[in-house]
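This report refers to the structure that appears directly beneath it.
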Ligand SMILES: Nc1ncnc2c1ncn2[C@@H]1O[C@H](COP(=O)(O)OP(=O)(O)OP(=O)(O)O)[C@@H](O)[C@H]1O
Ligand SMILES: [Mg+2]
């Protein structure tokens, strides 16, 4: 854990206790001028090698947290550590997309990447051209490398931002809504790219409000609400918070409900031609056999696993209103 | 960014790519990429050699100069400044020739080609050269902040002090470029339109052409330093805003207000503290011998402005939240 200073490369305190974490924050707080508390006493631990989904409604403080981790915004209180290194030495190993792409409109895609590569004191000029070509190749922009950024489409801009994050060997990728503005194909590709990068051992910290995406891509997730952390853990443990249910479609809901209750299932509910209940430890095939054995016609039987969306909505509220 | 799971290649705009960047090859490529880096040490990495850090600094400065001197706006300003001595020279030639009662300035220039440089400076240091310098220096930080590229430069990580130093040096180089372009254009125009030869100074002393050229070089060094001092003011203002035009206009307002204050005789006591007061001291090179006292006082004022506004810029920029 290190106390925070503004200047990249400034001396930091002792090394953090948890050496296997890519990101650790303790009591991290940001109060903007004017009193807006964007991040409120955030305690976050991102394990090395994880793909960590950072979820939250609009305005919940995701981008502000990422800005603090990158040294762009000074925390009002609390401390954090990135890769267990002083920030100035950690950042060359971190690739980042923060709040969408931002490039020089009058430069080509490749020239833009050369510009940001020049800003990294650890990057070598001799290898720059190859690293840039590699990064453009990985995001599928090779054909547009010489085109001016001004003439890029929204999706191409987003891809270029990801390419900039991949310019060097990275230990941590911080991606703030990386699939914003991408077509379905591009979204799939980013997901695949993230998996590919994670397979290399790189930790990926990705903010999103596309829940299905986080569920497919991430091993861990944290959920923010109005600057506070409301849940954190592996995807499986988060999903565990919401119970798996069984759903029976039948013309005889009353009969089905009786059988399910008889089997000892909890929270049996009948709605129209559907009966649902908490599955608990019961085997679905045994339930089916019991229903058929009791002469209840079964038209459909499904196990409904909770999605992250259910968890998310449970924790942040149905309304999905902007936090403010 | 290929999915490698049979997904079709990228969209038409992005060109076709061969799918199949499977994780295995990617791992190899990453390890290859890492090969030229210093061997990963278990102990804390050795501190960067100073030579390497210096090289990286020059690389960033080179990138900055490349942006500045390739940007059409900045080149147009240099071209306009180069035109002024030509216009002045042609006008003096057209209206001055064959006239018996020539006024002092026309007489000076018509008498010797080198004088056009000093006449051009005395017009241009009042407003036009400060405008050009303010545009580049005022844009330096604010332009990056407004475009959002500042967050990516700092995440690269460019380092705040390092980036500010590069931005200021770049503005100072442009300030000298402005000065040199004016001098060169005036010199060439003068040599074409007016007789070359010995130069008669303000004091009536005559010096050789070579000595005259040397004095022009001294004047360029002095005026360039004055413009570099103005650049420090503009860079400092640039750290306070995300709107480049604000910093540029702010600097121009300061220059104009100073000119107005200088013109008020009752305020003579404050004129030594106003930066533009010292711009016109370059005419000390027209004394015989050169009035080193006047030049030295001016350079001291420029140095004081650079230190003062450099400190303001650093204090502001090193503690600023980058929220753009
Ligand atoms: N510079 C600022 N000054 C004042 N308040 C700010 C500033 N930047 C952000 N905020 C506030 O902080 C809160 C968190 O904003 P933040 O951008 O971190 O949200 P987010 O989770 O990234 O949202 P989104 O999903 O919309 O990107 C918001 O209420 C926002 O209004
Ligand atoms: Mg955001």
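Computed from the coordinates by the stated procedures, all read-outs in this text should not be read as laboratory data. The structure displayed is predicted, hence computed values, not measured ones. Backbone-built Cβ (ideal geometry, glycine too); neighbour counts: all protein chains shown.
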Which Rg and Dmax, in Å, describe the Cα atoms of the stretch B:149-257?
19.3, 60
The protein assembly as shown - Debye-derived log10 I(q)/I(0), Cα point model, q = 0.11 Å⁻¹
-1.09
Averaged over A:120-131, number of beta-carbon atoms from partner chains that fall within 10 Å
4
Cβ density ranking, 10 Å radius, fewest first, applied to A:263, B:274, A:72 yields A:263, B:274, A:72
Sort B:130-143, A:132-145 by packing, meaning the average of other beta carbons within 10 Å per residue, with the highest value first.
B:130-143, A:132-145
Against the longest principal axis of chain A, how steep is helix A:253-263, in degrees 0 to 90 to the nearest 10, with axes from Cα atoms?
80
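For the stretch B:208-324, how big is the tail of P(r) above 24 Å, as a whole percent of Cα pairs? Don't skip to the end; give the middle numbers.
Working: 2533 of 6786 pairs.
Of all Cα-Cα distances in the stretch B:208-324, 37 percent exceed 24 Å.
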Rounded tilt (10° steps) of A:109-119 against the dominant C-alpha axis of chain A:
70
Regarding the stretch A:191-324, what's the average projected area of the Cα-atom convex hull, expressed in nm²?
10.4
With n ≥ 4 as the cut-off for DSSP H runs, can you work out [θ] at 222 nm for the protein assembly as shown, using -39500 (n - 2.57) per run divided by the number of residues, rounded to the nearest 500?
-16500 deg cm²/dmol
With everything on Cα atoms, drop me the angle between helix A:154-165 and the longest principal axis of chain A, reported from 0 to 90° to the nearest 10.
70
Sorted from fewest to most neighbouring beta carbons within 10 Å, what does the list B:58, B:314, B:278 look like?
B:58, B:314, B:278
Taking 7 Å along the Cα-to-C-beta vector as the label spot, tell me the residue B:196-residue B:76 distance in nanometres, rounded to one decimal.
3.5
Label-to-label distance, nm, for residues given as residue A:150 and residue A:254 (7 Å Cα→Cβ offset):
7.5
Beta bridges per DSSP with both ends in the protein assembly as shown, % antiparallel, nearest 5:
65
Partner chain Cβ atoms within 10 Å, averaged over the residues of A:188-200 - can you pull that number for me?
5
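Which whole number of Å³ per residue matches the convex hull of the alpha-carbon atoms in the stretch A:245-311?
82
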Mean shadow area of the stretch B:51-318 over all directions, Cα convex hull, nm²:
15.9
What ranking of B:52, A:188 emerges when the number of other C-beta atoms within 10 Å of each C-beta is taken as an exposure proxy, fewest first?
B:52, A:188
Evaluate peptide B:185-198: per residue, the Cβ atoms of other protein chains within 10 Å of its Cβ; return the mean as an integer.
0
Cα-only radius of gyration and Dmax that characterise chain A, units Å:
23.9, 77
Measuring from label point to label point, each 7 Å out along Cα→Cβ, what is the residue A:274 to residue B:208 span in nm?
10.1
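Can you give the FRET efficiency to the nearest 0.05 for residue A:285 and residue B:318, using r as the Cβ-Cβ distance and R₀ = 56 Å?
FRET efficiency, residue A:285 to residue B:318: 0.25.
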